[in-house]
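Working notes, beginning with the structure itself.
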Amino acid sequence: MFKLVMLCAVLGLALASPLSPHALEHVAGRSEDVHADVVARHDDVRADGFDSSLQTSNGIQQSASGDVHGNIHGSFAWISPEGEHVDIKYVADENGYQPSGAWIPTPPPIPEAIARAVAWLESHPPAPEYHH
C-alpha cells in the first residue's frame, strides 16, 4: 500500500509541477517535448490494486499495474534525443525496484586475476583468532 501511495504522490507532483516552458525545454532536451499532448490516459484505482497508462504525442509511454500487496509491474518508454526508442520494464516488490531493458547499464566483467583471488580467499578461510 505504501508503494501505491508513493507512486500516486510522485505522479501527482509531476503533473502539478510549476516549471516554466524554458525549464521544461531544458529538462526535456527537445523544444517539441514542451508542447506534447496527452494522447491517451487510463487510471483505474481499485481496492485490490491499480492500472495506469499514459501516452503522449511525442512518443512517451508509461504503464503500471499494482496489487494489494504493493507489488508493481510496469514499463516506460520514450524517444531519445538521438531518435532511438528507449524501453524500460520494471518490477517493484519485496525485493526492491528491478528495472530491465537493453538501456540499463551493466557492470563490466570481473577481471580474471580478481576472480582467482576471490576463489583462493573463499577456499582458504582465515584461522580463528583467539583473544586471551
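The values are calculated or read from the model by the stated rules, or taken from the named source; none is laboratory data. Computed from a predicted model, the values in this text were never measured in an experiment. Backbone-built Cβ (ideal geometry, glycine too); neighbour counts: all protein chains shown. Please note that ligands, DNA and RNA were not included when accessible areas were found on the heavy atoms of the full protein model with its side chains. Shrake-Rupley method; radii C 1.70, N 1.55, O 1.52, S 1.80 Å.
Miscellaneous remarks
- Residue in region 5-14 that is of a type in the set (A, V, I, L, M), part of a loop (DSSP other than H, G, I, E, B), surrounded by fewer than 11 Cβ atoms within 10 Å (Cβ to Cβ) and modelled with pLDDT under 95 present: no
- Output for region 57-66, where each listed residue is at pLDDT 95 or above and over 15 Å from the mean Cα position of the chain (by Cα): none
- Per-region count, region 31-47, residues open to solvent by 90 Å² or more (accessible area, probe 1.4 Å) and either in a loop (DSSP other than H, G, I, E, B) or hydrophobic (A, V, I, L, M, F, W, C) (or both): 6
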